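Got a structure for you, written out below as structure tokens; questions coming shortly.
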């Protein structure tokens, strides 16, 4: 399956608002071309991330970035004589932060080429790969993967912490050298150069041997690299690649994911979340669903989107770090990391792809099978089919879809975990449709022009904690609920014993006794001061029976 590749995907509603806020933030002075080339130990990273964001946002919103031409001119002036940024190292040496940073610059060039067909972007990408990456052939075999050989005292922004005997300049962001599996796999997908595949094979051979938890591998690098693994599976059809990605994602969910579907910055070190990695986890979950059609990946992607990314976006449109809910002293709560309220140097930029791909991933196509994975208000166009959706989701289980298909197609509709199938209703041109279920999806065959109305109940439900036996979280569909702790709350809030009566207040909010439970993704509407003050309890002792009203 793949995203619909129509000439226009027009987004409306809250997703449009989130994208526009992010776009606006990324045209602030901090992201102007003259401020993107400072020496920060990550050559190519900042300029690459901004460049990639601008191209993706341009594609999504139809407005060319205000400073794109200035950026292109600055790139010509700032690149070294070999067509990339930073130091030209002698043969036999490699800087993994330089390689990691240029992943985003390479991705930007490739996305620009795919969107505009600009031959200059393609030429720059080819030169970058030939001059920076291909000379590394043979070096990845010696990349140090033993825990004893790595400095694991990382900070929010990684730094070079040593040079080993094999010529590797190593980062505290352990494993970031493999970030480039993302960009190089996309390059191979487009140009199919066998010399690049030979380098990718070597990278994969080493990457597969890593003990991600034992090495405290950075989850951002791991997830980005794994998206490259799935992309290469799509190119070459080698099943072990897909098996490897599925096995890794299970490990990530068990050892690297927070209670609200964020991430641990490093495996085994739950210090803070990093929206860069949350974006990568969302994209990887969708990619795995597209290749396997396993609903568990669609469920996970939806919950990452609403609760991991949703909580991480700030009111200025940027993205910032949170505590790792489910770990540490405050394991039952979710709160903002004050020092990284906005990770403007990386996550604000990386967040753009999460937002844009959320629009594109809402509808996936595999032949004549079309999967609706999220009910965003949007218009989609693709060869032979057009879709227009209006919706009250995720607060209410209601959506209206106008569809027109030139030939027979089958629409598959996603429903959140816990949905009562017996209460799902679909009206086709006003008449009740007989429902057919397959793999957790309800599907409807369509041809010509039809009108569909989908309705299903969304009520408060519970999920068992992945990390704390005897504790649970509260949900409204795929929206996690949290309760604001007051300054005088002291210990942990306990749900009332016996029968719990939760009164719906609308918009996914509930009153439980004297306090309210609300969706945790409303942070984009919260001012910074409120965000810094609030702490949301999201896990509760399981000591009562349920009764919703």
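Conditions tested, residue by residue: (1) crowded, with 16+ Cβ neighbours inside 10 Å; (2) on the phi > 0 side of the Ramachandran plot; (3) modelled with pLDDT of 90 or more.
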{"site": "468", "(1), (2), (3)": "yes, no, yes"}
{"site": "473", "(1), (2), (3)": "yes, no, yes"}
{"site": "481", "(1), (2), (3)": "yes, no, yes"}
{"site": "491", "(1), (2), (3)": "no, no, no"}
{"site": "508", "(1), (2), (3)": "yes, yes, yes"}
{"site": "512", "(1), (2), (3)": "yes, no, no"}
{"site": "522", "(1), (2), (3)": "no, no, yes"}
{"site": "534", "(1), (2), (3)": "yes, no, no"}
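Considering (1) in contact with a strand residue (DSSP E or B) (Cβ under 7 Å, 6 or more places away or on another chain); (2) at pLDDT below 95, say which one residue 157 fails and leave the rest.
Looking at each condition in turn, residue 157 falls short on (1).
Right, another one. Of the residues in the stretch 420-442, how many are assigned to a strand (DSSP E or B) and in contact (Cβ under 8 Å) with a residue 60 or more places away in the chain?
Final tally of qualifying residues: 1.
Quick one: residue 60 ticks every box in (1) crowded, with 17+ Cβ neighbours inside 10 Å; (2) under 24 Å from residue 9 (Cβ atoms); (3) at pLDDT 95 or above except a single one, so which number is it?
(3)
Just the residues that are more than 11 Å from residue 313 (Cβ to Cβ) and either within 24 Å of the chain's Cα centre (by Cα) or outside any helix (DSSP H, G or I) (or both), please, taken from the stretch 514-530.
Result: 514, 515, 516, 517, 518, 519, 520, 527, 528.
Then there's this: Looking at (1) outside the structural domain of residue 131 (by TED's automatic domain parsing); (2) closer than 30 Å to residue 364 by Cβ, which is the one condition that is false for residue 65?
(1)
Which of the residues spanning the stretch 387-403 are more than 26 Å from residue 518 (Cβ to Cβ) and either at pLDDT below 90 or buried (at least 21 other Cβ atoms within 10 Å of the Cβ) (or both)?
Passing the criteria: 387, 401, 403.
The values are calculated or read from the model by the stated rules, or taken from the named source; none is laboratory data. The structure presented is a predicted model; accordingly, all values stated were derived computationally and were not measured. Backbone-built Cβ (ideal geometry, glycine too); neighbour counts: all protein chains shown.
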